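The values are calculated or read from the model by the stated rules, or taken from the named source; none is laboratory data. Remember, predicted model here, so these are calculated numbers, not experimental data. Cβ sites come from the backbone with ideal geometry, for glycine too, and all protein chains shown count toward neighbours. Please note that ligands, DNA and RNA were not included when accessible areas were found on the heavy atoms of the full protein model with its side chains. Shrake-Rupley method; radii C 1.70, N 1.55, O 1.52, S 1.80 Å.
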Amino acid sequence: MEGAEEELERRSRFLSSLIQKKKAVEQQEQHEELNVRVRAADMPVALQHRAFRCARDTLDSMPKKLDSKRLALSLKKEFDTSYGPAWHCIVGTSFGSYVTHSLGGFLYFSIDKVYILLFKTAVEPLGH
C-alpha cells in the first residue's frame, strides 16, 4: 500500500510540474505577443495581464507620438474602477522612483520602449 501511495504522490508532483511549465510558456508567449517585459512585480498575474492589455490597447490607439500622461491616466482609471481607489501610475522613457505600495499592488514593466510603474497605496487618514 505504501508503495502505491508513493507512486501516486510522485505522479502528482510530475503532473503539477508539467502544468506549471505549460503556464510559464503561455505567459512568456503572451509577453512576447504584447512586447512586454516585467521588471519587478508584487501583483497577482491576472492583474498584471490586465495592465499589459490596457497599456497595449492604449499605446496602439495613439498616433505615432507617445502621450505619457494619457497612458498613465488610462491605467490609473482602469485600476481605480476595477480594483478600488489609490492607484498611481508613472509612465516615461527615463525616470527614477522610490515608492511605498500596498501588498500585492506593485508592477514595474516595459512595453515597447516605454517604462510603466503602477502601484497602489493604502488609504489612511492624515494625522494618524
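General observations
- Members of the stretch 80-121 that are assigned to a strand (DSSP E or B) and touching a residue at least 60 places away in the same chain (Cβ under 8 Å): Phe106, Leu107, Tyr108, Phe109, Ser110, Ile111, Tyr115, Ile116, Leu118
- Residue in the stretch 78-86 that is open to solvent by 70 Å² or more (accessible area, probe 1.4 Å), touching a Leu at 6+ places or on another chain (Cβ under 8 Å), of a type outside the set (Val, Ile, Thr) and more than 16 Å from Leu34 (Cβ to Cβ) present: yes
For (1) surrounded by fewer than 19 Cβ atoms within 10 Å (Cβ to Cβ); (2) hydroxyl-bearing (Ser, Thr, Tyr); (3) closer than 26 Å to Glu33 by Cα; (4) over 11 Å from the mean Cα position of the chain (by Cα), each residue gets a yes or a no:
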{"site": "Arg53", "(1), (2), (3), (4)": "yes, no, yes, no"}
{"site": "Thr58", "(1), (2), (3), (4)": "no, yes, yes, yes"}
{"site": "Met62", "(1), (2), (3), (4)": "yes, no, yes, yes"}
{"site": "Ser74", "(1), (2), (3), (4)": "no, yes, yes, yes"}
{"site": "Leu107", "(1), (2), (3), (4)": "no, no, yes, no"}
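- Residue in the stretch 25-36 that is charged (D, E, K, R), at pLDDT 95 or above and open to solvent by 40 Å² or more (accessible area, probe 1.4 Å) present: no
- In the stretch 92-103, the count of residues that are touching an Asp or Glu at 6+ places or on another chain (Cβ under 6 Å), open to solvent by less than 70 Å² (accessible area, probe 1.4 Å), closer than 20 Å to Ala40 by Cα and modelled with pLDDT of 95 or more is zero.
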